[in-house]
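Heads up, the thing below is written out as structure tokens.
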Amino acid sequence: MPKEIGKIKIRIPRSITKGQIFPVKALITHPMNTGLRKDKETGERIPAYYINDVSVYYGDTLITHFDWSFAVSANPFVSFYVKADKAAPLKIIWKDNKGGVYEKTVQINPK
């Protein structure tokens, strides 16, 4: 597996106040192959390889979940909002159809 697959970036505001609803933007490096394209050199189909499950936790609580298919573009980006009601980790977990699990956590510390 190429080293860059699973590289994750999560962006949140630098300063968050308690009770604020703030944006979370996340990007993961993943080829998201549909299984329909052919390799230009060999002519063989490139096997399906895509993220199919995304879960977001704030503290111990699952706050959102996405079921994806091969129709999502390469290097998928997701954006959503969270209400800052406590100091806790925000963890995003991506799973792909080949058993890969990728996760990243950022700490939320509202003032």
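Taking the solvent-accessible surface of protein heavy atoms with a 1.4 Å probe, what is the per residue accessible area of the chain in Å²?
For the chain, the solvent-accessible area averages 64 Å² per residue.
Of T64, T29, T42, which has the largest mean-square fluctuation in a 10 Å C-alpha GNM of the chain?
T42
Tell me, what are the semi-axes, in whole angstrom and largest first, of the equivalent ellipsoid of the chain as set by the roots of 5 times the Cα gyration tensor eigenvalues?
Numbers: eigenvalues 213, 28, 24 Å².
Output for the chain: semi-axes of 33, 12, 11 Å.
Loop only by DSSP, 14 or fewer other Cβ within 10 Å of the Cβ. Give me the trypsin sites (Lys or Arg not before Pro) in region 1-77 that pass, ordered by residue number.
K3, K7, R14, K18, R37, K40
Can you tell me which lysines have their Cα less than 27 Å from the Cα of K111? Leave out same-chain residues fewer than eight positions away.
Counting by Cα, and skipping residues close in sequence, K111 has these lysines nearby: K9, K18, K25, K83, K86, K91.
The values are calculated or read from the model by the stated rules, or taken from the named source; none is laboratory data. Computed from a predicted structure; not experimentally measured. Positions of Cβ are backbone-derived with ideal geometry, glycine not excepted, and every protein chain shown enters the neighbour counts. Please note that ligands, DNA and RNA were not included when accessible areas were found on the heavy atoms of the full protein model with its side chains. Shrake-Rupley method; radii C 1.70, N 1.55, O 1.52, S 1.80 Å.
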